[in-house]
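Colleague: Sending over a structure as structure tokens; questions will come in a sec.
The values are calculated or read from the model by the stated rules, or taken from the named source; none is laboratory data. From a predicted model like this one, the values you see are computed outputs, not experimental measurements. We place every Cβ from the backbone using ideal geometry, glycine too, and count neighbours over all the protein chains shown.
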Amino acid sequence: MNYWLIKSEPFKYSWDQFLKDKSTFWDGVRNYTARNNLRAMKKGDLALFYHSNEGLCIVGIAKVIKEHYQDPTTDETAWLAVDFSLYKSLKKPVFLADIKKDELLKNMQLVKQSRLSVCAVTREEFDKVLLLGGM
DNA sequence: GCCAACGTTGGC
DNA sequence: GCCAACGTTGGC
């Protein structure tokens, strides 16, 4: 079981929209590191859902329901999509500013490599985010 | 295979 | 709107 963090600009796809949809597909990733992370995801893995640009906080958790397949938005076979279902909303969002203040979380890939849209998260980091999120 | 130039992302 | 960080491209 692995843990991940997926970023979305609320402008493009928000947590609110995800709450309505109950499931979604993650496509359009055009970065090899992010692609490799998508490819490593297994059914049942959990992913923190982060709002970038606006919000700047982790708002909920998504669950992998379908492992990688050809990204339908391109013919290039290098790119993948993954399906997620709604898992849980955090009781309260965990802000980037708080993550940066936390001894354990300040080394998250999210902070260190801010441009990466699909990040790996350790078990310890995942648990701590849930704790800060009131879970 | 190196490296400069350029483009993109995302926090501030 | 600016800028730092990083990825990609293309000339050599």
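Colleague: Taking the condition of being charged (D, E, K, R) and over 16 Å from A:MET1 (Cβ atoms), how many residues in region A:31-62 meet it? Write out each step before concluding.
Modeller: Taking region A:31-62 first, the residues charged (D, E, K, R) are A:35, A:39, A:42-43, A:45, A:54.
With the extra rule that they be over 16 Å from A:MET1 (Cβ atoms), the set shrinks to A:35, A:39, A:54.
Going through region A:31-62 one residue at a time, the tally reaches 3.
Colleague: Name the residue, out of A:LEU96, A:LEU116, that is farther than 21 Å from A:ASP16 by Cα, surrounded by 14 or more Cβ atoms within 10 Å (Cβ to Cβ), of a type outside the set (Phe, Trp, Tyr) and within 16 Å of DNA strand C (Cβ to nearest atom).
Modeller: A:LEU116
Colleague: What do you reckon, is A:LEU5 part of a helix (DSSP H, G or I) and modelled with pLDDT of 95 or more? Even if it seems obvious, please write down each step before you answer.
Modeller: Details: part of a helix (DSSP H, G or I): no; modelled with pLDDT of 95 or more: yes.
Considered against the rule, which asks whether it is part of a helix (DSSP H, G or I) and modelled with pLDDT of 95 or more, A:LEU5 comes out as no.
Colleague: Additional query: For region A:8-25, name all the residues that are surrounded by 14 or more Cβ atoms within 10 Å (Cβ to Cβ) and away from DNA strand B (no atom under 13 Å from the Cβ).
Modeller: Matches in region A:8-25: A:SER14, A:TRP15, A:PHE18, A:THR24, A:PHE25.
Colleague: Quick check on my filter: what residues within region A:81-96 are more than 18 Å from A:TYR3 (Cβ to Cβ) and among the aromatic types (Phe, Trp, Tyr)?
Modeller: Across region A:81-96, the qualifying residue is only A:PHE95.
Colleague: If you go through region A:70-89 one residue at a time, do you hit one that is at pLDDT 95 or above, of a type in the set (D, E, K, R), loosely packed, with under 15 Cβ neighbours inside 10 Å and within 17 Å of the chain's Cα centre (by Cα)?
Modeller: Yes, region A:70-89 contains a residue that is at pLDDT 95 or above, of a type in the set (D, E, K, R), loosely packed, with under 15 Cβ neighbours inside 10 Å and within 17 Å of the chain's Cα centre (by Cα).
Colleague: Give me the strands (runs of 3 or more DSSP E) completely within region A:28-135, filtered to those with at least 1 residues that are of a type in the set (D, E, K, R) and either away from DNA strand B (no atom under 13 Å from the Cβ) or in contact with a helix residue (DSSP H, G or I) (Cβ under 9 Å, 6 or more places away or on another chain) (or both), ordered by residue number.
Modeller: The qualifying strands (runs of 3 or more DSSP E) are A:57-70, A:80-95.
Colleague: While we're on this one: On the given criteria, is A:LEU5 surrounded by 13 or more Cβ atoms within 10 Å (Cβ to Cβ), within 16 Å of DNA strand C (Cβ to nearest atom) and either closer than 14 Å to A:LEU116 by Cβ or in contact (Cβ under 8 Å) with a residue 40 or more places away in the chain (or both)?
Modeller: Numbers: surrounded by 13 or more Cβ atoms within 10 Å (Cβ to Cβ): yes; within 16 Å of DNA strand C (Cβ to nearest atom): yes; either closer than 14 Å to A:LEU116 by Cβ or in contact (Cβ under 8 Å) with a residue 40 or more places away in the chain (or both): yes.
For A:LEU5, the condition - surrounded by 13 or more Cβ atoms within 10 Å (Cβ to Cβ), within 16 Å of DNA strand C (Cβ to nearest atom) and either closer than 14 Å to A:LEU116 by Cβ or in contact (Cβ under 8 Å) with a residue 40 or more places away in the chain (or both) - is met.
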